[in-house]
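Single-structure report; data block below.
The values are calculated or read from the model by the stated rules, or taken from the named source; none is laboratory data. Note that the structure is predicted; figures quoted are calculated from it, not measured. Backbone-built Cβ (ideal geometry, glycine too); neighbour counts: all protein chains shown. When the accessible area is computed, the model is the full protein with side chains, heavy atoms only, and any ligands, DNA or RNA have been set aside. Shrake-Rupley method; radii C 1.70, N 1.55, O 1.52, S 1.80 Å.
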Amino acid sequence: VQLQASGGGLVQAGGSLRLSCAASGSIFAIRAMGWFRQAPGKQRELVAVITSGGSTNYADSVKGRFTISRDNAKNTVYLQMNSLKPEDTAVYYCNKRVVSAWGSWGQGTLVTVSS
């Protein structure tokens, strides 16, 4: 299953964006899907995870502002980002959990939050 992230853009601080991660095949049985981000000069970090059962987990820095969801019928995972801050500026990637590791990385989508 190949993944394609989209929905990034330029937004002012306090604004919102919704990222989409479209899969080339079914995500129904995928153990977990995640959103990651990598800011310039920083390591990639896990932002949010959603399991096949719908359980979610978030990085402390985005709790209460970001929401991850999945639509198995559309083979798509979303990341709703509200109350964006300049420090949320990064390239955002989606990925899938394969056995005990995350899969290969595709192209991300750039989110830029201006102050």
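One table, with the values for the structure above:
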| quantity | calculated |
| --- | --- |
| Whole-number D in µm² s⁻¹ for the chain, Kirkwood Cα-pair radius fed into Stokes-Einstein, 37 °C, 0.692 mPa s | 235 |
| Spatially proximal aspartates and glutamates relative to Lys96 (Cα-Cα < 15 Å; intrachain offsets below 8 disregarded) | Glu45, Asp71 |
| Segment Phe28-Ala13, length gained on full extension (0.36 nm per residue, minus Cα span) | 1.9 nm |
| ³J(HN,Hα), Karplus 6.51/-1.76/1.60, whole Hz, each residue of the stretch 34-41, x for Gly, Pro | x, 10, 10, 8, 9, 8, x, x |
| Cβ-placed point charges (K, R +1; D, E -1), dipole of the chain about Cα centre in debye, nearest 20 | 160 |
| List Arg37, Arg97, ordered by accessible area with a 1.4 Å probe, largest first | Arg97, Arg37 |
| Lys74 paired with Glu87, simple spin-label distance in nm, labels 7 Å along Cα-to-beta-carbon | 3.1 |
| Phe66 accessible area, 1.4 Å probe, all protein chains in place, Å² to nearest 10 | 10 |
| Relative contact order %, the stretch 1-91, counting alpha carbon pairs below 8 Å whose residues are six or more apart | 33 |
| Probe 1.4 Å - accessible area at Asp60, Å² to nearest ten | 120 |
| The stretch 28-115 - accessible surface per residue (Å², probe 1.4 Å) | 53 |
| Segment Gln2-Ser114, extension gain: residue separation times 0.36 nm, minus the distance between their alpha carbons | 37.2 nm |
| Segment Thr56-Ala39, length gained on full extension (0.36 nm per residue, minus Cα span) | 3.8 nm |
